[in-house]
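Everything on this sheet refers to the single structure shown next.
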């Protein structure tokens, strides 16, 4: 049975539910492997042997639950098999032949960590137990969980059934993106029908953080002798969720809360890129306008240390060719951060048509050639007219010069005759 603190103790512990920013070193936990990730991006904020393969125990049921939601209607009725009813340890006390909705099995395997519910769900979703195990491993490969392998849907010990804190954190992130799983993971108590009894099954979530800390909202507990005590914990403060994984712990819930509070105290979520217009424009070739304004089509928020500056985006925006439509992707804002790369598309916020010449070249080549010939003809005519005017002017200038030379010659002759007359007059 789960151990829950009293309401008074829970209220006392919840008084500081919203952590205050403090500077500190790494969190101190008893877990042999741990990780803390940002749910928004999946970025790891802290790691301790996070890539080391270990036994995940009932944390495996996160994958079982994920496949149930992805592959089947949760309101579909499932008939419990003898195999499912025979699974021991944590159970819903399912009976062979019992009919129960898949949704209620999901409550049982996530809240009570019921192994019989996990098997009944697996047989219903996979159509066959072994087929469901194949589905689990195929989905793990799709999610990039490269150090994870499942041999059953519940997590009871098997040497070939393993995962890592890193893989489990990212599995939890995928699962918590599903509303049905998110709601169940955050449910402290629930009631499930028990047809053979005059009462219903009362379920109490084994995740004690839900009763101790209002910020806590999931995800899954686990235990086997070989795996030790394990926990995937999540909490949300001011709309920002962190997910922590602690494997083989001495203080399961203490480790989970320590890890999450450390994350909120030392990091905050910063919008590095805001969705909407940006203060840059894209150069346009062959357009009626020389440039077009652009906008970021998405926002990018990153977990940044409180004493550090957020990264600045680089711009990848090469010149574009007209025509351009509104919403057309033209480039990116590019951010490199903590080993990850993010590209935020930049799209045009206005349309740009091709200029007249480009339209003629593209759509009306004969007309363009005609225009070229017409321009050439006009040029020839203009050149001819100019040449004629210039020739006339030269002719007139030459004729004027000849006339002037003729007048000067005649004047010179008269002056010579007059001088000769004076020389032939007799002296007194």
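No lab work stands behind these numbers, since they all come straight from the coordinates. These numbers come from a predicted model, not from an experiment. When we count neighbours, we look across all protein chains shown, and the Cβ atoms used for this are built from the backbone with ideal geometry, even at glycine.
Observations on the structure shown:
- Net lengthening on full extension, residue 312/residue 74 (0.36 nm per residue, minus Cα-Cα): 81.2 nm
- Take each peptide in 83-95, 48-60, count the other Cβ atoms within 10 Å of every residue, and average; sorted highest first, the result is 48-60, 83-95.
- As a rough footprinting exposure proxy, the listed residues 119, 352 were ranked by other beta carbons within 10 Å of their own, and the order from fewest upward is 352, 119.
- Residues 243, 184 arranged by fewest to most Cβ contacts within 10 Å: 184, 243
- Spin-label model, residue 82 to residue 40: label points 7 Å out along the Cα-to-beta-carbon direction sit 5.5 nm apart.
- Here the label points at residue 134 and residue 26, each 7 Å from Cα along the C-beta direction, are separated by 4.2 nm in the simple model.
- What the Cβ-Cβ distance of residue 199 and residue 158 gives, at R0 = 30 Å and to the nearest 0.05, is a FRET efficiency of 0.30.
- Here r is the Cβ-Cβ distance between residue 355 and residue 143 and R0 is 60 Å; the resulting FRET efficiency, rounded to 0.05, is 0.75.
- When peptides 65-74, 329-338, 145-154 are sorted by average Cβ neighbour count within 10 Å, with the highest value leading, the order is 145-154, 65-74, 329-338.
- Label-to-label distance for residue 288 and residue 328 is 1.4 nm, based on points extended 7 Å past Cα in the beta-carbon direction.
- FRET efficiency for the pair residue 275 and residue 389, taken as 1/(1 + (r/R0)^6) with r the Cβ-Cβ distance and R0 = 56 Å, rounds to 0.30.
- Shown here is the pair-distance distribution of the stretch 289-342: with all Cα-Cα distances grouped in 10 Å bins from zero up to the longest one, the shares run 18, 44, 24, 13, 2 percent.
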